[in-house]
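Rule-based calculations on the coordinates, nothing more; no lab input. Remember, predicted model here, so these are calculated numbers, not experimental data. Quick reminder, even Gly has a Cβ in these numbers, built from the backbone with ideal geometry, and neighbours come from all protein chains shown.
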Amino acid sequence: MKMQNPLTSLDELIWQQFEKVTQYAHTNYGWDKYDLSEICCSAFSFMTAGSCIYLAIADYSLGNYVGGTLSAAGSAALSIPINYLGKYKINKWREYDTKQFLNSGAIKEPTFTGIRPAMVSISALLYGIGVLTATGNNILEDKQFYNGQYRAAVTLGSFMIATLGVSFISLWYFDDQLFTPPSAKKPFWKTTYEAIKNKFNPKPQLEPAAEPTSKYSLEHHLEATNF
């Protein structure tokens, strides 16, 4: 029996956690995996813009105005097309998968790979570097480390780039979830508020209904409750 790659096994475990998020979003908000993918796409483009801006700040703090200007310009040049093209592609996936489901009832099965967990480890490493830098550890032995503005920009840029990676990986996991037919969307803030309110103010439990006392009443009860 062939042993499964540990990274592939880890990928399946992570996929299962994203499956829980997908099911929760579908049950409570009427969102599907494509809606969640679009949220990740927006986060990816936002983090792209943020990382470029912090790179620009780092350059400006060192007097590199040309490099800083190019980094700032790259913020809009990269983030806007990424957001537009990413959501366009996601909608194409939605159309294709829906057509396949309606025509044949077939849905795309998830595929597991060791690449995604490896990418997660890179983001974790970047978060770690950001934390160490923020606490005053010159782990990269950067000569400009003691320039306060430069260090702050590099630290925040590391967090942005790490989150950029997480957004991309999350999009990949959501896209690889099982297809579900579309359902009515619920307003996010109103639904969330009502869920929180109901959690702190639970509805009183109703008394259990009396069980039917005869075969006829049982059959009549079942007929009355089935549409």
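Tabulated data for the structure shown
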{"item": "Out-of-range pairs (alpha-carbon distance over 19 Å; input Lys33/Lys87; Lys33/Lys92; Lys92/Lys186; Lys20/Lys197; Lys33/Lys99; Lys89/Lys185)", "result": "Lys92/Lys186; Lys20/Lys197; Lys89/Lys185"}
{"item": "Average Cα contact separation per residue, the range 29-181, under 8 Å, 6 or more apart, as relative contact order %", "result": "41 percent"}
{"item": "Sorted largest first, extent of the chain alpha carbons per principal axis (Å)", "result": "88, 46, 41"}
{"item": "Vicinal HN-Hα couplings computed from phi for the range 165-176 (Karplus, 6.51 cos²θ - 1.76 cosθ + 1.60; Hz; Gly/Pro x)", "result": "x, 4, 4, 5, 5, 5, 4, 4, 5, 5, 4, 8"}
{"item": "Relative intensity, log₁₀ I(q)/I(0), of the range 1-53 from a Debye sum that treats every alpha carbon as a point, q = 0.14, 0.26, 0.29 Å⁻¹", "result": "-0.58, -0.93, -1.00"}
{"item": "Radius 13 Å from Cβ of Gly105, net charge of other residues (Lys, Arg +1; Asp, Glu -1)", "result": "+1"}
{"item": "Separation of alpha-carbon centers, the range 141-194 and the range 38-111, rounded to whole Å", "result": "11 Å"}
{"item": "Relative contact order %, the range 85-163, counting alpha carbon pairs below 8 Å whose residues are six or more apart", "result": "28 percent"}
{"item": "Packing-based ranking, highest mean first, of 165-174, 143-152 given that Cβ atoms within 10 Å are counted", "result": "165-174, 143-152"}
{"item": "Radius ratio Rg over Rh of the range 88-127, counting only Cα atoms, Kirkwood formula for Rh", "result": "1.24"}
